[in-house]
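Written below as C-alpha cells is the structure these notes are about.
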Amino acid sequence: MDKPFVITIVGAESSGKTTLAMRLAEYFVCPWVPEYAREYLEGLERAYDEEDLGIMAAQQLAEILAVVNREPSTVSHESSDVRLEMVDPVLPNGLSETLKSLLVTRYSSLVIVDGGMMNMRMWARIKYKTSIPLVEEALENDVTDLYLLCRPLNEWEPDALREAPSIIDRVWIYNQYLEELSKSKINLEIVGSMENEKFNKAVTLIEKLFKTIIKPTA
C-alpha cells in the first residue's frame, strides 16, 4: 500500500496551527494527527521538564506512524475507518462530530499532522538547548512530504500552556523554524498569519499537488 502524502503544520505558539489542521482535514476529508503535547500537559499536575519532552515525543511519533503506516493493530477490518485503539489519542474539545469521524480514514492519500517531530525538535532546542535522540532519528527518516510554516498571529491568545506572549519572541521563534527548515532542504511553504489567508493558501497548494487525487467536500 502506498504511503500517503504527509503535510506537517509547524510554527510558533498562537499561530493557528491546530485550527488550520482541523479545517484542512474537514475540507479534504482526510485524517489528521493532533498535537499530543496539549493532552499530556493538560493532565500534568506540575511544571513540565526536559524529560517530559521525550515522553511527549514518543507518543506523538507513535500516533503519527499509526496513521501514516495504517498499522494492522489500529485498523478495523470490518469498516474503512481506522480505530486508534493502540495510541488512543484524545481529540481537542469543540470538534464537530463530522471532523471527529474524519480523524482517520483508512485509504486517504493525504494526512495532516499538527506540529509533529519538527515541533518537538525546535521545542527541545529553544527551551533546553538540547536534542531528543528519538526525534532526531525520526527526522532523519522524516515521513513528512511538505511542511507548512505558519506566520505568528499579531494578537496572542492567552492559554495556560503558552509561554511566549511577546510578538517579538514569537517572530524570533518563527525565524528559527524558517532557518531550520530552509537548511534542511525539505519541501516548505510559508502560509500567512491570518486564519483565512492561511487556509486559502494551503488549500490552493494542496489542490495543485493533488488535483486529480483528492476530492474536496462540496
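Can you run phi through the Karplus equation (6.51, -1.76, 1.60; θ = phi - 60°) for the range 122-129 and list ³J(HN,Hα) in whole Hz, with x for Gly and Pro?
So the Karplus estimates, Gly and Pro as x, are 5, 4, 4, 5, 6, 7, 10, 6 Hz.
What fraction of the Cα pairs in the range 1-62, stated in percent, has a spacing above 14 angstrom?
Roughly 66 percent, once rounded to a whole number.
What do you get for GluC sites (Glu not before Pro) in the range 27-73 restricted to DSSP loop and a cutoff of at most 16 other Cβ within 10 Å of the site's Cβ?
Passing both the DSSP loop test and the Cβ count: Glu45.
Give, as a single signed number, the net charge of other residues whose beta carbon lies under 11 Å from the beta carbon of Ser184, with Lys and Arg counted +1 and Asp and Glu -1.
Details: positive: Arg121, Lys183, Lys185; negative: Glu140, Asp142, Glu179, Glu180.
Overall, the nearby charge balance is -1.
Tell me the net charge near Phe199. Cut-off is 11 Å between Cβ atoms, Phe199 excluded, with +1 for each Lys or Arg and -1 for each Asp or Glu.
So the environment of Phe199 carries a net charge of 0.
Mind checking the full-extension length gain between Glu195 and Glu136? Use 0.36 nm per residue of separation minus the Cα-Cα distance, one decimal, nm.
Here the answer is 18.2 nm.
Amide H of Val113 versus every other amide H placed in the peptide plane: which residues, excluding those fewer than 5 positions away on the same chain, fall under 5 Å?
Ile7, Thr8, Ile9, Val33
Read-outs: derived from the displayed coordinates by stated rules, not from any lab. Not measured: the values here are computed from a predicted model. All Cβ positions, glycine included, derive from the backbone under ideal geometry; neighbour counts span all protein chains shown.
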